[in-house]
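Trainee: One structure is given below, represented as structure tokens, and several questions about it will come after.
The values are calculated or read from the model by the stated rules, or taken from the named source; none is laboratory data. Bear in mind that the values here come from a model prediction, so they are computed numbers and not experimental data. Note that we place each Cβ from the backbone using ideal geometry, even for glycine, and neighbour counts take in every protein chain shown. In case anyone asks, the SASA skips ligands and DNA or RNA and just uses the protein heavy atoms, side chains included. Shrake-Rupley method; radii C 1.70, N 1.55, O 1.52, S 1.80 Å.
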Amino acid sequence: MSDAAIILEARDVQKRFGAVVAAQDINIKVGLGEKLSLIGANGAGKTTFMNIVTGYLKPDAGSIHFDGLDVTKLNPRQLTRRGVCRSFQIPQLYEPMTALENLLVAIGTSNQAFSLLRPARDAAVLDQGHALLKRFGLEGYAERKVSELPGGVRKLLDIAMALVRRPKVLLLDEPTSGVSVDEKFPLMETVMEALSEEEVTVIFVEHDMEIVTRYSDRVLAFYQGQVIADDDPGEVLADKAVQKYVTGTAKADAVEEEAGA
Amino acid sequence: MHASTKRTCLAGLIAVILLVLAGFVFQHWQTWILFTATKAIGYGLVALGIITLMRGGLVSFGQGLVYCTGAYASGLMATRLGVTDAPVLLVVGMLASALLALIVSPLIARYRGIFFAMLTVALSMVLYGVLVKMNAIGGSDGFTLPEPTFLGWQPSVDYADLALYLLAAVVAVVASTATRLYYDSMAGLVALAVRENELRVEYLGSSVFKVTVRHFTIAGALGGLGGTLNGMALGHIDPLFSFWTTSGEFVFIAVLAGYISVSAVFLSAMILELVRSFSNLYFPETWQLILGGFLIVVIVFLPGGIGSFWERVKEGRAARAQAEQEEGAGS
Ligand SMILES: Nc1ncnc2c1ncn2[C@@H]1O[C@H](COP(=O)(O)OP(=O)(O)OP(=O)(O)O)[C@@H](O)[C@H]1O
Ligand SMILES: [Mg+2]
């Protein structure tokens, strides 16, 4: 891959929380337009990685580069404006507002120049909000309070909000968590369908290996803050260490070792 | 112009007409009401600032700071420079307080919740302390203001209250209309989002800090208007304008009104003033008891303040309509 096509890069990123190693020697280059998935057991450091990339956490050492610039010192707001946006493991919504209003807020934050003069329910803004709802199949929920909405809808709305700025890199933290097994695929399908209209690099965290295989062209496996595998899905899922520490498909070994320790 | 903007402006126009008419009616019937209403408008303006802050998730317990600053700035302008024109003084008071608020806001905008609230109290107490020591401008006694004039016109004693009331009514409506337009704007909606989830606002690319600075400055401007107006209404100002009990009354009005309706603030301020006057007259020393009880009732039954009453009624009606519809579909 030529460097010109690298949109995001992590160099020697380290992060500890007391004795917990949340990121260690993370070196990743992400190419423009890639669909990258992050896998790893609970506490492996996937969310921490997203928090560092988006500037919410500062690494203890190492740097993050976006579009050729060192962005390690920037905060989430500055990164969002530059085109690094995210959704959350637990959707971060404005609970007493309706689904449409949540999107209006997102739209409002992205046209600040006229936002003082422009009514929130301006026709053009409303159209934009409705179009986005439609793209995620959420038209029916426009006037519903988000605190009353089902998990899958909340997830989609959270992602739709992150998309308003038309990001270059979109990080999705567990887009399919908190919904039933048979809802996972349709949910991911909706997301990927909605994203297909954008030229966006997607990095998503996922625990379901079938989804990982189907929707990503590259997988990073995390274990105790380290990347233990980085390849296409077939290779990563066949990796011994990944099977042992991540997917649990080599459970017998893991149990043996734990008993021995 | 957007339809909702037109509607808000029209509502403002109607409000001005009604308030002016009411002014002339009371002038011939119960003149004391005019003085009470003017004071209530002064208080209401300050509370409107608190409501603006509340929409961004913050409460200031120290709005006496800007209330007092506005009163002193315009008061000194009147006594030292001989400017007695009320509209000019209002602008001076407003700008002085807005400027002070803008200057101190970066310091306090980094804090949230109780820390933010207490910092505002601390600032207002510092101002109180300074003013008490400043004998050149009256120390703890404060000073008396000359009678205001209105664009060169000096009303006779009989009409002084009416003139000030009419000006206050216009100021109240203009300030409320502008505030309402802001609340209904994109920026106003984003501010409301700050109240619900600051993290997400930052992650959408908007600055929570800037919203807080903007709100504190707006609240400063409104506080300055209120302070100037009440200085002129009372004819006398003193450091108590910045005392924490004064600030407490503003919070009382804001909580009683809630942050949904702008006009509820003035209604709530008028209730405070009326209860205070009547209790003083008929049941001395009981007004705190009455207002305290009233506030408890409102908090328990209308947690969104009296301004949420219509919204409640509307919601209730919508819920009933939906229930009926579902019943109809079920049978
Ligand atoms: N702010 C924090 N303070 C202290 N420890 C933290 C903090 N954030 C994360 N950690 C710890 O760092 C480790 C990595 O956490 P992280 O949230 O990145 O895991 P994850 O891979 O996203 O896990 P999950 O699948 O459960 O979401 C965990 O041990 C976690 O407890
Ligand atoms: Mg996580």
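Trainee: Mean 1/r over all different Cα pairs, inverted: what Kirkwood radius does region B:39-287 give, in Å?
Mentor: Across region B:39-287, the inverse of the average 1/r is 18.2 Å.
Trainee: Right, another one. When the helix-only estimate is applied to chain B (DSSP H runs of n ≥ 4, each -39,500 (n - 2.57), divided by the residue count), what is the mean residue ellipticity at 222 nm, nearest 500 deg cm²/dmol?
Mentor: Estimated from H runs of four or more residues: -26500 deg cm²/dmol.
Trainee: Still on this structure, I have one more. Using DSSP to call loops (not H, G, I, E or B), can you name the GluC sites (Glu not before Pro) in region A:105-201 whose Cβ has at most 10 other Cβ atoms within 10 angstrom? Display every interim value, and only then the final one.
Mentor: Details: sites: A:Glu139, A:Glu143, A:Glu148, A:Glu183, A:Glu189, A:Glu193, A:Glu197, A:Glu198, A:Glu199; in loops: A:Glu143, A:Glu197, A:Glu198, A:Glu199.
Filter output for region A:105-201: A:Glu143, A:Glu197, A:Glu199.
Trainee: Averaged over A:98-107, how many beta carbons belonging to a partner chain fall within 10 Å of each residue's beta carbon?
Mentor: The per-residue average across the peptide is 4.
Trainee: Further question: Binning every alpha carbon pair distance of the protein assembly as shown at 10 Å from zero, what are the percents per bin?
Mentor: That works out to 3, 15, 22, 20, 15, 12, 8, 4, 1, 0, in percent per bin.
Trainee: Probe of 1.4 angstrom, ligands and nucleic acids ignored: what's the accessible area per residue over region B:39-287, in square angstrom?
Mentor: I get 37 Å² per residue for this part.
Trainee: Can you list the equivalent-ellipsoid semi-axes of chain A, largest first and in whole Å, using the square root of 5 times each Cα gyration tensor eigenvalue?
Mentor: Taking √(5λ) for each eigenvalue gives 33, 22, 16 Å, largest first.
Trainee: Protein chains only, probe 1.4 Å: how do B:Trp244, B:Trp310, B:Trp32, B:Trp287 rank by accessible area, largest first?
Mentor: Largest accessible area first, the residues go B:Trp310, B:Trp244, B:Trp32, B:Trp287.
Trainee: Moving on. Please check chain B for the longest run free of trypsin sites (Lys or Arg not before Pro) that are loop-located per DSSP (anything but H, G, I, E, B) and have at most 15 other Cβ atoms within 10 Å.
Mentor: B:113-331
Trainee: Once you order the gyration tensor axes a ≥ b ≥ c over the Cα atoms, which shape class does region B:235-297 get: rounded for a/c under 1.5, otherwise prolate or oblate by comparing a/b with b/c?
Mentor: Oblate, since a/c reaches 1.5 and b/c is not below a/b.
Trainee: Now a separate question. Take B:Glu327 and A:Leu116, extend 7 Å from each Cα along the Cα→Cβ direction, and tell me the distance between the two endpoints in nm.
Mentor: My value for the distance between the label points is 5.1 nm.
Trainee: Which GluC sites (Glu not before Pro) in region B:229-331 pass both tests, a DSSP loop state and at most 11 other beta-carbon atoms within 10 Å? If you can, show how the numbers build up before the last one.
Mentor: Numbers: sites: B:Glu249, B:Glu273, B:Glu285, B:Glu311, B:Glu315, B:Glu324, B:Glu326, B:Glu327; in loops: B:Glu285.
Sparse-neighbourhood loop GluC sites (Glu not before Pro): B:Glu285.
Trainee: Still on this structure, please answer the following. Roughly how many nanometres apart are two label points built 7 Å out from the Cα toward the Cβ at B:Ser4 and B:Trp310?
Mentor: Modelled inter-label distance: 1.5 nm.
Trainee: Further, regarding this structure: Note down the Stokes-Einstein diffusion coefficient of region A:93-202 in µm²/s, whole number, using a Kirkwood radius over alpha carbon pairs, 37 °C, and 0.692 mPa s.
Mentor: On the way: Rh = 14.3 Å.
For the chosen part, D equals 229 µm²/s.
Trainee: While we're looking at this one, here's another question. Could you compute how much accessible area chains A and B hide from each other, both sides summed, with a 1.4 Å probe? Nearest 100 Å² is fine. Walk me through the numbers before you get to the answer.
Mentor: On the way: alone 12920 and 16500 Å², together 26840 Å².
Rounded to the nearest hundred, the buried surface is 2600 Å².
Trainee: Still on this structure, I have one more. By how many nm would the segment from B:Ala319 to B:Thr31 grow when fully extended, if each residue of separation counts as 0.36 nm and the alpha-carbon distance is taken off?
Mentor: Here the answer is 99.2 nm.
Trainee: Expressed as a whole percentage, what fraction of the accessible surface of region B:39-287 belongs to carbon and sulfur atoms when a 1.4 Å probe is rolled over the protein heavy atoms?
Mentor: That fraction is 71 percent.
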